[in-house]
């Protein structure tokens, strides 16, 4: 069992273990020694980016010290989105990339995400190897001195150019009015710039980061203000990103909020029509709504479910040779264009397909009726394997029998918080609400 790495890197309260300065320094040391020992790189080059949290610069400094002590060279790209670091790690030939961010969490938290030289999140076994060094009593390498960290903000232009190329040259969005909620996060530096370059008229929300307002009542977790703005200002649509810019939700002109399932469906349909949907398959996760699975099947498209986490979606895509995958939360992976979920890229490609296919998004979205889905979070004191908790397993089995094949029950631990998520989906909203509440109470009693 891993103790530091969750489904999306290491995450916690900034300043507290494992995000205290000494541990973060040790993370940099362990990462660099892993690159030296297992990748045979004598002086690893590591690209480091961060989001807008007030703790970011101190953690960046601690991480850089650890990398330098192991003989690594650090390039600091400053405040950029997570997918920008992933892209630049690969494009600029770095041995690893690191993002200091807690994604959609509040400002008090922070985190560390690591990308390989291929621009992909590390598989679990590689994270486990780094973790063993971080926590190991026998890990005391002789200190070495790497070069002083250097600024690399000029690299950002390479990423911006890749976004332009993903939708074609020119100014394809001339005449489009789009509202962008950047969650006072890393997308603030990127999204308005690239939409403007491509000809769109932009209205910016959540674009004044102060170190503490990241994700606060804004962004992809709180798109209600964006929805109100889209209606009030009569924009064509809106996009809400999270704090590190790797996820996005859309808002149509009527103010309807459209999660990643909506985006996945239209993207899959578009790729299929152009003969670009490899294997006729889309990879989603266990959280995607049943309407998506049924709608894709009606369109002759197979949906495969992966565990929650965009890196698990990517792994399934790579195993099957598939081009498209994503999560209901808004992590969408266009594997021909990117190696990870990229909210800004997704927004650009979504707007481009609407333009090319002349889709009235509001009219289309009104025709979709998602299956009722209840999601409840239960705080837990420990995370024992659920298959070993007999009473919970019996309750889940009973709930599934009562749904009679017309719904689903899913219990899973959060990879970043001491929380168990209870999801129940079915045709009868009253029934699934009652079932979800009963399961929540049982989990709280046994694991709380």
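Bear in mind that the values in this text are calculations on the coordinates, not laboratory data. None of these values were measured; they are calculated from a predicted model. Neighbour counts are summed over all protein chains in view; Cβ atoms, including those assigned to glycine, are modelled from backbone coordinates with ideal geometry.
Some observations on this one:
- From least to most packed, judged by other beta carbons within 10 angstrom and beginning with the fewest, 182, 218, 371 follow the order 371, 218, 182.
- Within the chain, helix-based [θ] at 222 nm, where runs of 4 or more DSSP H residues each add -39,500 (n - 2.57), nearest 500: -12000 deg cm²/dmol
- Comparing 397, 73, 166 in a Gaussian network model of the chain where C-alpha atoms under 10 Å apart are linked, the largest mean-square fluctuation is found at 397.
- Comparing Cα centroids, segment 75-125 and segment 385-410 end up 37 angstrom apart.
- Inter-probe distance in nm under a simple model that places probes 7 Å from Cα toward Cβ, at residue 39 and residue 433: 5.1
- For the chain, built as a Gaussian network whose Cα springs stay under 10 Å, the top-fluctuating residue of 372, 385, 223: 385
- If you take the Cα centroid of segment 127-183 and the Cα centroid of segment 423-448, the two points sit 39 Å apart.
- In this structure, residue 21 and residue 224 have a Cβ-Cβ separation that, at R0 = 41 Å, corresponds to a calculated FRET efficiency of about 0.65.
- Counting neighbouring beta carbons within 10 Å and listing from fewest to most, the residues 113, 294, 349 come out as 294, 349, 113.
- Gain on full stretching of the segment that runs from residue 356 to residue 299 - 0.36 nm per residue minus C-alpha separation: 18.6 nm
- Order of 41, 396, 46, 148 under a 10 Å beta carbon neighbour criterion, fewest first: 148, 41, 396, 46
- Fully extending the segment from residue 318 to residue 92 would add 79.1 nm, taking 0.36 nm per residue of separation and subtracting the current Cα-Cα distance.
- Between residue 286 and residue 377, the contour length at 0.36 nm per residue exceeds the Cα-Cα span by 31.2 nm.
- Here the Gaussian network model covers the chain, with springs between Cα atoms less than 10 Å apart; of 412, 356, 217, 356 fluctuates the most.
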